[in-house]
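Since the structure comes first, as structure tokens, the remarks are kept for the end.
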Amino acid sequence: MSKAQLTYKMIIIGDSNVGKTSLFKKITSEKFENNIISTIGIDKRTLYITINTQEGVKDVEIQLFDTAGEEKFRSISISYFRGSNGLLVMYDITKSDTFQNLSDWLENINSSLGNNDDYLAILLGNKLDLVEEDKNKREVEEQDAQEFCQINKMFWGGECSVKDINIDKLKNMFKSFIEEIYKKVGSNIKKEDSLKVKKNEKSNKKKCC
Ligand code: GDP
Ligand code: MG
């Protein structure tokens, strides 16, 4: 049984080949519960992260999802997005088309989840190592990505190299992402409780009238 105070659903999306599965595997490789649902084309693993909030330290259970096969935005069903609190949107800084396709991804997110406060979309540019090796390989400027985040109310997660980043740094990166999600979404457990209260109030009313 998990003793986490909070549970967030987080999904990783973006074009093929940007590094989603590499990130998914790297962050969950260490002693975390492994729960692969490959038959439906989606991998799910659970990881636990402790975050700092204004209300103190909180243990968070993160149900992390990665598409296992055809991840083209049109083929991802709405049910994959449903209930997400965090959307990790990845692109490849050496492939401009993976950045240009972000508008389509956002459209897909908005039509699946609506534009509300139940989730935070985080943008992450990957394959920084290739640019560090050869500056000419850069096809997306960091400033353009930051502007894209401002316009689309996303959180800028920065540029990284899933290939080179060590596990501690990667965990810190995730920790900061979860803290941002908490700032926006808060405790979904509380929300469920308040929903239950509302339902009870309703049913009480019915009894009365
Ligand atoms: P996905 O299709 O988005 O799930 O992408 P994958 O995780 O399968 O990665 C696609 C390819 O990019 C693989 O060959 C990875 O090894 C490679 N890759 C992933 N992250 C990085 C990175 O940070 N740097 C470099 N150079 N290659 C990466
Ligand atoms: Mg993949």
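Points worth noting:
- Within region 1-30, being modelled with pLDDT of 90 or more and of a type in the set (Lys, Arg) holds for Lys9, Lys20, Lys26.
- For region 90-114, the candidate set comprises residues that are closer than 19 Å to Tyr8 by Cβ and more than 16 Å from ligand 1 (Cβ to nearest atom); within that set, the residue that is surrounded by the fewest Cβ atoms within 10 Å (Cβ to Cβ) is Gly114.
- Every listed requirement among (1) under 22 Å from Asp104 (Cβ atoms); (2) of a type in the set (Val, Ile, Thr); (3) touching a Lys or Arg at 6+ places or on another chain (Cβ under 6 Å) is met by Val131 save one, (1).
The values are calculated or read from the model by the stated rules, or taken from the named source; none is laboratory data. Remember, it's a predicted structure, so these values are computed and weren't measured experimentally. So basically every Cβ, Gly included, is an ideal-geometry build from the backbone, and we count neighbours across all protein chains shown.
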